[in-house]
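Below is one structure, written out as structure tokens; comments come after it.
Taken together, the values in this text are just the output of simple stated rules run on the coordinates, not laboratory data. Computed from a predicted structure; not experimentally measured. Cβ sites come from the backbone with ideal geometry, for glycine too, and all protein chains shown count toward neighbours.
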């Protein structure tokens with residue numbers, strides 16, 4: 001029996017893709033928001049394509065804030081954009 005591939009939806013562009021093709025944005029139990037390139041960090045997560053445009057769209061439509069149930073300050077958004085563009089995964 002073949003192994004099933006987990007599918008997740010990007011909160012920016014709303015397309016469904018395999019989990020390995022997406023980046024997880026996680027709100028830790030302490031409340032900090034960061035990118036989780038491995039997908040294993042504890043906390044509430046939301047998935048984004050590996051494209052900064054999807055992050056910008058998720059911020060503009062406030063879907064990232066709704067998914068993580070926390071307001072996201074501008075400095076955190078700019079840090080997330082910088083991390084995503086650096087692609088240190």
| note | Computed over the chain: longest principal axis from alpha-carbon atoms vs helix 74-86 long axis, angle to nearest 10 degrees, is 40 degrees
| Hey, what's the Cα Rg ratio for the chain versus the globular rule of thumb, 2.2 N^0.38 Å? | 1.04
| field | Inter-probe distance in nm under a simple model that places probes 7 Å from Cα toward Cβ, at residue 62 and residue 14 | value | 1.7 nm
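Assuming a ≥ b ≥ c are the square roots of the Cα gyration tensor eigenvalues, decide whether region 1-53 counts as rounded (a/c under 1.5), prolate (otherwise, with a/b larger than b/c) or oblate.
Numbers: a/c = 2.45, a/b = 1.38, b/c = 1.78.
Oblate is the answer for region 1-53, as a/c is 1.5 or above yet b/c matches or exceeds a/b.
Give the relative contact order (percent, whole number) for the chain; include only Cα pairs under 8 Å separated by 6+ residues. Don't skip to the answer; put the middle values down first.
Details: 133 pairs, mean separation 24.2, N = 89.
Once divided by the residue count of the chain, the mean separation gives 27 percent.
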